[in-house]
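In what follows, a single structure is set out as structure tokens and then discussed.
The values are calculated or read from the model by the stated rules, or taken from the named source; none is laboratory data. Bear in mind the structure is a predicted one, so any value in this text is a computation, not a measurement. All Cβ positions, glycine included, derive from the backbone under ideal geometry; neighbour counts span all protein chains shown.
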Amino acid sequence: MLRHDVLEDPLTAALQPPLDETPEEKTKRLKREIKAKRVSDGIDVALRAERDELKRRRAQRPEVKLLLLGQASSGKSTLLKQFQLYYAPDMVDAQRSSWRPVVYFNIIKAIAGILDALEQVAYFDSHPELAQLRMTLLPLADLEPALAVQISGGVYVTGTGTSSPYGQDAYVRPGWQTLAKGKMKSSRTTGDSAYSSHIPAAEETAAWRIAACKDDIHALWLHPAVQALSKKQLQLEDSAAFFLESIQRIAWPDYVPSVDDVLHVRLQTLGVTEHQFEVSLLGKNVNLCLYDVGGARGHRPKWVPYFDSAHAIIFLAPLSAYDQYLEEDRRTNRIDDSLQLWTEICKNQVLKNLHLVLFLNKTDVLKAKLAAGIKVKKYITSFGDRPNEYTEVSQYFRAHFLQVHRRNVTGRRVLYTHFTSVIDTKATQTIIVNVADSIMRDYFAEARLV
């Protein structure tokens, strides 16, 4: 009777050991559970220590809070990495090895997407060489769910609207790299990092399969049919081309992601990621706090609690998304969604005194799409017969965002606007310095600290 009652709860049932478990299997399972709990407890202790340290620092100096807002895949996490790279470069270097499985996942997800797209248009029947590549690369694509589970730590999210033909997407919670820190040792002088303990099975398998298939991956990506698809209906992450074109380097046995790899990688974070940097300006030390929150529609209600105490917002709008639609709603163009979201921010009375910074982002991807002949008017009919060129397109979108600001903002609040490609470190860090300087100077003036 007790067993029957337990099984009525799906979660409890999923945690029950198999009915035919042997004593040896039980011993191994208990060891795994003890190890998993030890790792989880270690993460919790490290996170508590970080929070305590943040509280101690906050009590000692002024704090400026900056929110990074925008839809999913707008570049928020990449911009946060650029802030880290400028204000805390040692942290970025120390974490490079932890990004290795994520780079592998990005590559495998891209391959899975390509194979799925080729199957939908029945190219395998008419291109025997593609059929052969498919047979070779399918075992690699099949690793996608196992690698996602490793990266996510077993977290599975439903209702996000994201999809993948060969498995789930990868999600991590804030602080996920604390676990990776315990698995690697880093040399600051050489920049060489390596795992000091056992590499998880999924990552190890992905590494040797990518190494074994690197020539086939290269051939698949450069195939004329795939290149033609990539300019039409094949929707890959913006960074897919970067990683696929770097496959020979990434397939190297001792591969450790470069800073450029870390900037290009795509990984979804659950919850709100907070980072704090100590910044000196005008002879004063300030805590610059950055909050990166999820941009998917289901995550946006989590923004509200951070509005009251914020001093400024950087809103990222990806201009290259004119030919894309929301994962959560295939009827909504991503540019339209960005404009709607920007409207809500501009007219929100809670935010009326905040400084607004608008990043019209992914200009590099926009230029590539326009050069490939992807017409804006096909997706944004109001664009009409204007020239399908970067200057015309970028200024057209900029005018729409500025119009929303003018219509919905009262008072003298200034809007700072920048065309950006946040993977461009030199250009982005110049903007970061100027933006942070302006925000903190205004903060000092308002707080009468200068």
Next item on the list: Of the conditions (1) surrounded by fewer than 20 Cβ atoms within 10 Å (Cβ to Cβ); (2) within 22 Å of the chain's Cα centre (by Cα), Trp252 clears all except one; give me its number.
Entry: (2)
Notebook entry, point to check: So which helices (runs of 4 or more DSSP H) stay within the stretch 351-450 end to end and still have 1 or more residues that are in the same structural domain as Lys81 (by TED's automatic domain parsing), more than 24 Å from Thr78 (Cβ to Cβ) and of a type in the set (Phe, Trp, Tyr)?
Noted result: 390-408, 425-447
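For the stretch 218-244, which residues satisfy the criterion of being aliphatic (A, V, I, L, M), part of a helix (DSSP H, G or I) and over 21 Å from Val262 (Cα atoms)?
Start the filter on the stretch 218-244 by keeping residues that are aliphatic (A, V, I, L, M), which leaves 219-220, 222, 225-226, 228-229, 234, 236, 240-241, 244.
Going one step further and asking which of them are part of a helix (DSSP H, G or I), we end up with 219-220, 222, 225-226, 228-229, 240-241, 244.
Within the stretch 218-244, Ala219, Leu220, Leu222, Ala225, Val226, Ala228, Leu229 qualify.
Considering the stretch 264-301 alone, what residues qualify as being basic (Lys, Arg) and at pLDDT 75 or above? So that I can check it myself, show each step before the final result.
Let us first name the residues in the stretch 264-301 that are basic (Lys, Arg), namely 266, 284, 297, 300.
Arg266, Lys284 - these are the residues of the stretch 264-301 that are basic (Lys, Arg) and at pLDDT 75 or above.
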Notebook entry, point to check: Can you find a residue in the stretch 256-264 that is among the polar types (S, T, N, Q), over 21 Å from Gln120 (Cα atoms), under 16 Å from the mean Cα position of the chain (by Cα) and not in a helix (DSSP H, G or I)?
Noted result: no
